[in-house]
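K.L.:
Just dropping this structure here.
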Amino acid sequence: MKISGARAIVACLQEQGVDTVFGYPGGTILPLYDALCDSPVRHILTVHEQGAAHAADGYARASGRVGVCIATSGPGATNLVTGLAAAFMDSIPVVAITGQVPTTLIGRDAFQEIDITGMTMAITKHNFLVKDPAKLADTIRYAFRIARSGRPGPVLIDVPRDVQTSDVFFEPAPATEKVPWAIPGQVLSRIGAAANAISAAQRPVIIIGGGAVSAEAHEQVRALAEKLNIPVVSTLMGLGSFPASHPLFLGLTGLHGLKPANNAVCEADVIIAIGSRFSDRITGDRASYAAGKIVIHIDVDPAEIDKNVAAHIGLTGDMKTILGFLLERLGAGGDAAWGASIKQWQLEHDAEYATGHLTAPWIFNQIAEQTAGLPCIFATDVGQHQMWAAQHLKIEKPRTWITSGGLGAMGFGLPAALGAQLAEPGKRVIAIAGDGGFKMTGAELFTIASYKLPVITVIINNRGLGMIRQLQQVFFDKRYTACDLPPIVDFTLFAAAFGVHAVAASSWQEFAQAFATALASPNPEVIVANIAPEDMVSPMTPSGGAINAYIDI
Ligand SMILES: Cc1ncc(C[n+]2csc(CCOP(=O)(O)OP(=O)(O)O)c2C)c(N)n1
Ligand SMILES: [Mg+2]
């Protein structure tokens, strides 16, 4: 069958099961927009291409499916860059399709010509410039396969305008059967060694990371923890792959990790890392982090083993399969003494919410209480509010916690939330933003309002770049600069400009009431929570220092 390149792209999207794409039009991508018009694929017009990329990313994180974004050449494509980098750093499957100037104009500095494959080389898992229309369909299929296979990641396909308009021969892809992951013999023998090390451990701890979420290995993680009573800590990216309410869960570990979690990692004799790349935010000082411990590192990507922390036993491949074999080889056990010291840390740590005034920890505890048992997804921006949310929300299920961990991109939260809401209409998405980050991409409220998405946006308004203020307080002798924002924005009026209902809350009662009202409403809602600019995230440990070298703040 002969169809246009643009129609072939749409046919491939449908083949891949894509129901929604996020994008922004422009001259070189208009043939694709024209083809989309007649298709059942829903196009969501965002305010900015960065929003489209983050929305595709949020869609992917919430659903486990590949997120798709579309942009025109030149400024459209460059506006995608931050979004693709965020997806790349967190290993999220996204396919970006960009228009490019016609092949005859490539290299001539044509209007809106940018070498986007060159620019995104370092922030995509792979990218393509399709010059031959005959290769278009297979390239799209290949891009999806790359994005979702192994360690997932973003893939960009740059399609010149004339490739979209030329006729291509299109044949539907033959159905392929998924071959299950096989575990090579060598890995099996190492799984045996890992089982022995875990059985002999006095103080084992499991660290879950984003890879456990991507692999959807939460049931196996839980079975492993429960089999031997092993405490579990989570990286920022791993939240949700072990239920926060579980008695074995100690919470967030790393730079702003909770003391029971960080202490447990420091005191452990065996670390079982599942889908964590041991980023600097998790380890602090790498030299001392794993000293004297046995490290068992399970990851889909062999490149992660020994990269940041040397592993005694590295197990690479499909996590569910590896954990399944590991569980088979483990006997029962559990060390009561280790459990006792952990209990003690937990008692010492018990969060103090009852300060009398509205604080972010209180807000997140309140949100956790009001949403307990409800199908919700939490998407955050970047800054103090993100750390408070990670510490105090109770994330119970995988794919219900969406945050920019690796890139730490301010502006991520709101567009990622709207992508998640479109992916999971049966769940209520709660976007958590700082006042600084909200100013960056808050215009995406327009998208939320246009498509009537019931996202609840909670703006933690400390009238400044709180995380910057905190760093200047601790490391720059309180020489505050470029962190306090003049309190001239009334965010409720900003929301009202988009027709979105918004209220401000400055006390416990006001917030509890506002949140209950928002939850009961089927519409988009904004709550501006006013907290003190001086509030600091605690615990805090020095980046590059030990993760139990708590800073007194
Ligand atoms: C795009 C981008 N620019 C700068 C930073 C550095 N940065 C990290 S947190 C932060 C402050 C965030 O302020 P706000 O959104 O109000 O959140 P808060 O820390 O006050 O909760 C800044 C500037 C960043 N992470 N991303
Ligand atoms: Mg702020």
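K.L.:
List the helices (runs of 4 or more DSSP H) inside the stretch 86-183, counting only whole elements, that have at least 1 residues being in contact with a His (Cβ under 8 Å, 6 or more places away or on another chain) and on the phi < 0 side of the Ramachandran plot. Break it down stepwise before answering.
P.N.:
Numbers: elements: 116-120, 136-148, 161-165.
Ranges flagged: 136-148.
K.L.:
Do we have residue 400 as of a type in the set (Ser, Thr, Tyr), surrounded by fewer than 21 Cβ atoms within 10 Å (Cβ to Cβ) and either more than 16 Å from ligand 2 (Cβ to nearest atom) or under 25 Å from residue 210 (Cα atoms) (or both) here? Give the steps one after another, and end with the answer.
P.N.:
Numbers: of a type in the set (Ser, Thr, Tyr): yes; surrounded by fewer than 21 Cβ atoms within 10 Å (Cβ to Cβ): no; either more than 16 Å from ligand 2 (Cβ to nearest atom) or under 25 Å from residue 210 (Cα atoms) (or both): yes.
No: the conditions fail for residue 400.
K.L.:
For a quick check of your reading of the model, give me the residue pairs whose first member lies in the stretch 384-402 and is under 20 Å from residue 219 (Cα atoms), whose second is of a type in the set (Ser, Thr, Tyr), with beta-carbon atoms closer than 7 Å and at least 6 apart or on different chains.
P.N.:
Partner pairs satisfying both residue conditions: 394/245; 396/245; 398/241.
K.L.:
Of everything in the stretch 384-411, what is out of contact with any helix residue (DSSP H, G or I) (no Cβ under 7 Å at 6 or more places or on another chain) and under 22 Å from residue 426 (Cβ atoms)? Give them in sequence order.
P.N.:
395, 396, 397, 400, 401
K.L.:
Taking residue 287 as meeting all but one of (1) touching a strand residue (DSSP E or B) at 6+ places or on another chain (Cβ under 8 Å); (2) of a type in the set (A, V, I, L, M); (3) over 26 Å from residue 376 (Cα atoms), write down the number of the exception.
P.N.:
Every listed condition holds for residue 287 apart from (1).
K.L.:
Just to check your reading of the model, which residue among 406, 411 is surrounded by 24 or more Cβ atoms within 10 Å (Cβ to Cβ), within 14 Å of ligand 1 (Cβ to nearest atom) and part of a loop (DSSP other than H, G, I, E, B)? Steps first, answer last, please.
P.N.:
Numbers: 406 fails: surrounded by 24 or more Cβ atoms within 10 Å (Cβ to Cβ).
Just a single option satisfies the conditions, and that option is 411.
K.L.:
Spot the failing condition for residue 140; the list is (1) crowded, with 17+ Cβ neighbours inside 10 Å; (2) in contact with a Ser or Thr (Cβ under 6 Å, 6 or more places away or on another chain); (3) of a type outside the set (S, T, N, Q), and only one is missed.
P.N.:
Among (1) crowded, with 17+ Cβ neighbours inside 10 Å; (2) in contact with a Ser or Thr (Cβ under 6 Å, 6 or more places away or on another chain); (3) of a type outside the set (S, T, N, Q), residue 140 violates only (2).
K.L.:
Which condition breaks for residue 38 when tested against (1) modelled with pLDDT under 95; (2) under 22 Å from residue 382 (Cα atoms)?
P.N.:
(2)
K.L.:
Does any residue of the stretch 54-75 turn out to be surrounded by fewer than 18 Cβ atoms within 10 Å (Cβ to Cβ) and under 24 Å from residue 166 (Cβ atoms)?
P.N.:
no
K.L.:
Return the only residue of 432, 448, 456 being within 11 Å of ligand 1 (Cβ to nearest atom) and among the hydrophobic types (A, V, I, L, M, F, W, C). Outline the logic, then answer.
P.N.:
Working: 448 fails: within 11 Å of ligand 1 (Cβ to nearest atom); 456 fails: within 11 Å of ligand 1 (Cβ to nearest atom).
It is 432.
K.L.:
Restricting the stretch 363-389 to residues that are buried (at least 24 other Cβ atoms within 10 Å of the Cβ) and more than 16 Å from ligand 2 (Cβ to nearest atom), which is farthest from residue 236 (Cα to Cα)?
P.N.:
Among residues in the stretch 363-389 that are buried (at least 24 other Cβ atoms within 10 Å of the Cβ) and more than 16 Å from ligand 2 (Cβ to nearest atom), the one farthest from residue 236 (Cα to Cα) is 367.
K.L.:
I would also like to ask the following. For residue 495, only one of the following conditions fails: (1) of a type in the set (Gly, Ala, Ser); (2) more than 26 Å from residue 370 (Cα to Cα); (3) buried (at least 18 other Cβ atoms within 10 Å of the Cβ); (4) more than 9 Å from ligand 1 (Cβ to nearest atom). What is its number?
P.N.:
All conditions are met except number (2).
K.L.:
Of all residues in the stretch 455-481 being touching a Lys or Arg at 6+ places or on another chain (Cβ under 8 Å) and surrounded by fewer than 18 Cβ atoms within 10 Å (Cβ to Cβ), which is farthest from residue 386 (Cα to Cα)?
P.N.:
This residue is 480.
K.L.:
Among residues belonging to the stretch 414-424 that are assigned to a helix (DSSP H, G or I) and more than 16 Å from ligand 1 (Cβ to nearest atom), point out the one that is surrounded by the most Cβ atoms within 10 Å (Cβ to Cβ).
P.N.:
Looking at the filtered set, the residue picked out is 419.
K.L.:
May I pose another question? I'd like to check which strands (runs of 3 or more DSSP E) are fully inside the stretch 1-85 and have at least 3 residues that are among the hydroxyl-bearing types (Ser, Thr, Tyr) and at positive phi. Before you say what the answer is, go through the steps one by one.
P.N.:
Details: elements: 2-4, 20-23, 42-45, 67-71.
In the stretch 1-85, no matching strands (runs of 3 or more DSSP E) lie anywhere.
K.L.:
A follow-up question, please. Please pick out the residue among 165, 104, 176 that is farther than 30 Å from residue 402 by Cα, modelled with pLDDT under 95 and of a type in the set (Val, Ile, Thr). Let's see the steps before the verdict.
P.N.:
Values: 165 fails: modelled with pLDDT under 95; 104 fails: modelled with pLDDT under 95.
That would be 176, the only listed residue that is farther than 30 Å from residue 402 by Cα, modelled with pLDDT under 95 and of a type in the set (Val, Ile, Thr).
Condition check ((1) out of contact with any Cys (no Cβ under 7 Å at 6 or more places or on another chain); (2) more than 23 Å from residue 397 (Cα to Cα); (3) charged (D, E, K, R)) across all residues:
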{"residue": "244", "(1), (2), (3)": "yes, no, no"}
{"residue": "251", "(1), (2), (3)": "yes, no, no"}
{"residue": "258", "(1), (2), (3)": "yes, no, no"}
{"residue": "274", "(1), (2), (3)": "yes, no, no"}
{"residue": "284", "(1), (2), (3)": "yes, yes, no"}
{"residue": "303", "(1), (2), (3)": "yes, yes, no"}
{"residue": "318", "(1), (2), (3)": "yes, no, yes"}
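K.L.:
Filter the stretch 399-416 down to residues that are touching a His at 6+ places or on another chain (Cβ under 9 Å) and among the small types (Gly, Ala, Ser), then give me how many there are. Steps first, answer last, please.
P.N.:
As a first pass, look at the stretch 399-416 and keep what is touching a His at 6+ places or on another chain (Cβ under 9 Å): 404, 409, 411-416.
If we keep only those that are among the small types (Gly, Ala, Ser) too, we end up with 404, 409, 411, 413, 416.
So the count comes out to 5.
K.L.:
Can you run down the residue pairs with Cβ atoms below 9 Å, 6 or more apart or on separate chains, where the first is in the stretch 346-363 and among the charged types (D, E, K, R) and the partner is part of a helix (DSSP H, G or I)?
P.N.:
Going by the 9 Å Cβ cut-off, the qualifying pairs are 348/259; 348/260; 352/361.
K.L.:
For the stretch 480-517, name all the residues that are within 15 Å of ligand 2 (Cβ to nearest atom), out of contact with any strand residue (DSSP E or B) (no Cβ under 6 Å at 6 or more places or on another chain) and not aromatic (Phe, Trp, Tyr).
P.N.:
Listed by number, the residues that qualify are 482, 486, 487, 488, 489.
K.L.:
Here's a follow-up. Among the candidates 137, 182, 110, single out the residue that is free of Cβ contacts under 8 Å to residues at least 12 places away in the same chain and more than 26 Å from residue 299 (Cα to Cα). Show your work before the answer.
P.N.:
On the way: 137 fails: free of Cβ contacts under 8 Å to residues at least 12 places away in the same chain; 182 fails: more than 26 Å from residue 299 (Cα to Cα).
So the residue among 137, 182, 110 that is free of Cβ contacts under 8 Å to residues at least 12 places away in the same chain and more than 26 Å from residue 299 (Cα to Cα) is 110.
The values are calculated or read from the model by the stated rules, or taken from the named source; none is laboratory data. Remember, it's a predicted structure, so these values are computed and weren't measured experimentally. Cβ coordinates were reconstructed from backbone atoms using ideal geometry, including for glycine residues, and neighbour counts include every protein chain displayed.
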